[in-house]
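The values are calculated or read from the model by the stated rules, or taken from the named source; none is laboratory data. In this text, all values refer to a predicted model and were calculated from it rather than measured experimentally. Note: ideal-geometry Cβ built from the backbone for every residue, glycine included; neighbour counts use all protein chains shown. Note: areas computed on protein heavy atoms with side chains; ligands, DNA, RNA excluded. Shrake-Rupley method; radii C 1.70, N 1.55, O 1.52, S 1.80 Å.
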Amino acid sequence: MTSPTNLLIRHARIILPNGELMVGDVLTRDRVIVEVAPQISTLAEPIIEIDASGLTLLPGVIDPQVHFREPGLEYKENLFTASCACAKGGVTSFLEMPNTRPLTTTQQTLDDKLQRASQKCLVNYGFFIGATSENLPDILSAHPTPGIKIFMGSMHGQLLVDNEVTLEAIFSQGTRLIAVHAENQERINQRRLEFAGITDPAIHSQIQDNQAALEATQLALKLSQKYQRRLHILHMSTAEEAELLRQDKPSWVTCEVTPQHLLMNTSAYAKIGTLAQMNPPLRSPHDNEVLWQALRDGIIDFIATDHAPHTLEEKAQPYPKSPSGMPGVETSLALMLTAAKEGKCTIAQVVNWMSTAVAKAYGITNKGEIKAGYDADLVLVDLDNYRPVLRQELFSKCGWSPFEGWNLTGWAHTTIVGGQIVYQNGKLFTEIRGQALQFENS
Ligand code: DOR
């Protein structure tokens, strides 16, 4: 482990906490931002200066839903390769899901992940605890964790909790955040039988249809209302769910959307086949538009990638043998900043959705804003040049992206974790390590 250096970032276009842009300097010392000002005078102490003229400085991205496959599925990805991909993508913190082998359903398995991450992760990390029908004591006491993950659908084995009685037992006890993958498994099972034998991956969006997502979201909302339980709806994908929340969204409920559910739709199957297959599935262009509007209107609170890598060999199997999931941490910030440049939203909104609002929702203190006293997790992006997503440049172990060939701007130029440069101009500094995140309300 290296010790943090002091950094002076000069002449950056800084996105301030109020969303305004200021050209100026940022000084970091011992992992923390100590000054943000139009001009900081040269210091006597040893310091690394970065000339950020022409670059834009944002708080580092906090990706609140990723699957990094370690332990047990390291042939797809591991905490080192995934965190390298994060550093390249401007992601300085992540929250990871419990569907590893073994499942993260006990304090012991949570501690094991934290221990592995402390040795391997270039960026900051937190791990959800997974609910089963039998581990209520574990999910109530696990620490530190951003919350309890429930797969209401799209899962098999112990992590599938689709029975209303079990769900009610979980919602009724404790206060910590519950994050749900909301798809109705019973409906999916029925529709799998109806559409059996079809190998066109486009059928995936019909089997796991909008109605399956809506029904599970309705149930999660009902239970959350009944017990006033803090609820987070993961990767919301349909216009129907967005409209439901527009009508009535309790103050203790948050939800997220992925870049792929905003920017891709069912037309992707014809172009990239099973690489477009994920859960919940890609939807229609109408869903894209309604989700964008809900995001801009604050109905949807923030963005997550659901980075879920599988190997190309696995993906090459015919549907439905092909697994669901696509990688995302390397491309999410550039995708969203490109959308901002196209006028779909502002840069300040992207900062809020990918950093500030995530930190607030999960009670991650002192992150998500460029402000004195906050952690020096930062990313300098280049908003003037465009570069395509190229397979050979990816760090994710799975080695592919559903966005290959997309011409994007806003790529990370320099990524800083805890005051240390972890990525710059294509080069990783693999000796840097992130830290375990703490969660105020959990
Ligand atoms: O498509 C998906 N794949 N969605 C999920 O939520 C889980 C994931 C995986 O772990 O492969």
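Of the residues 215, 243, which is in a helix (DSSP H, G or I), under 28 Å from residue 176 (Cα atoms) and without any contact (Cβ under 8 Å) to a residue 40 or more places away in the chain? Every option except 215 fails the conditions. Determine which single condition residue 35 fails, assuming it passes every other condition in (1) at pLDDT 95 or above; (2) under 26 Å from residue 95 (Cα atoms). With respect to (1) at pLDDT 95 or above; (2) under 26 Å from residue 95 (Cα atoms), residue 35 is out only on (2). Restricted to the range 392-442, and to residues there that are among the β-branched types (Val, Ile, Thr) and under 22 Å from residue 68 (Cα atoms), the residue that is most open to solvent (accessible area, probe 1.4 Å) is 430.
Yes or no, residue by residue, for (1) within 16 Å of the ligand (Cβ to nearest atom); (2) in a helix (DSSP H, G or I):
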position: 290; (1), (2): no, yes
position: 293; (1), (2): no, yes
position: 300; (1), (2): no, no
position: 305; (1), (2): yes, no
position: 317; (1), (2): yes, no
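The rows are residues; the columns are (1) open to solvent by 10 Å² or more (accessible area, probe 1.4 Å); (2) of a type in the set (Phe, Trp, Tyr); (3) more than 16 Å from the ligand (Cβ to nearest atom); (4) touching a residue at least 60 places away in the same chain (Cβ under 8 Å).
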position: 63; (1), (2), (3), (4): no, no, no, yes
position: 66; (1), (2), (3), (4): no, no, no, yes
position: 94; (1), (2), (3), (4): no, yes, no, yes
position: 102; (1), (2), (3), (4): yes, no, no, no
position: 144; (1), (2), (3), (4): yes, no, yes, yes
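Summed over the range 331-372, the residues that are among the β-branched types (Val, Ile, Thr) and in contact with a Ser or Thr (Cβ under 9 Å, 6 or more places away or on another chain) give a count of 5.
Here residue 378 does not fit the description of being over 25 Å from residue 124 (Cβ atoms), aliphatic (A, V, I, L, M) and modelled with pLDDT of 95 or more. Among the residues of the range 333-353, the ones that are open to solvent by less than 10 Å² (accessible area, probe 1.4 Å) and aliphatic (A, V, I, L, M) come to 7 in all.
Within the range 402-442, restricting attention to residues that are among the hydroxyl-bearing types (Ser, Thr, Tyr) and part of a loop (DSSP other than H, G, I, E, B), which residue is modelled with the lowest pLDDT? Spell out the reasoning first.
So the first thing to find is which residues in the range 402-442 are among the hydroxyl-bearing types (Ser, Thr, Tyr), and the list is 409, 414-415, 423, 430, 442.
Within this subset, residues satisfying the condition of being part of a loop (DSSP other than H, G, I, E, B) are 409, 430, 442.
Working: 409: 98, 430: 98, 442: 76.
Restricting to residues being among the hydroxyl-bearing types (Ser, Thr, Tyr) and part of a loop (DSSP other than H, G, I, E, B), the top hit is 442.
Taking residue 237 as the residue in question, decide whether it is assigned to a loop (DSSP other than H, G, I, E, B) and buried (at least 20 other Cβ atoms within 10 Å of the Cβ). Spelling it out, residue 237 is indeed assigned to a loop (DSSP other than H, G, I, E, B) and buried (at least 20 other Cβ atoms within 10 Å of the Cβ). Here the strands (runs of 3 or more DSSP E) wholly within the range 27-106 that include at least 2 residues being of a type in the set (A, V, I, L, M) and under 27 Å from residue 336 (Cα atoms) are 32-37, 56-59, 61-66, 91-96.
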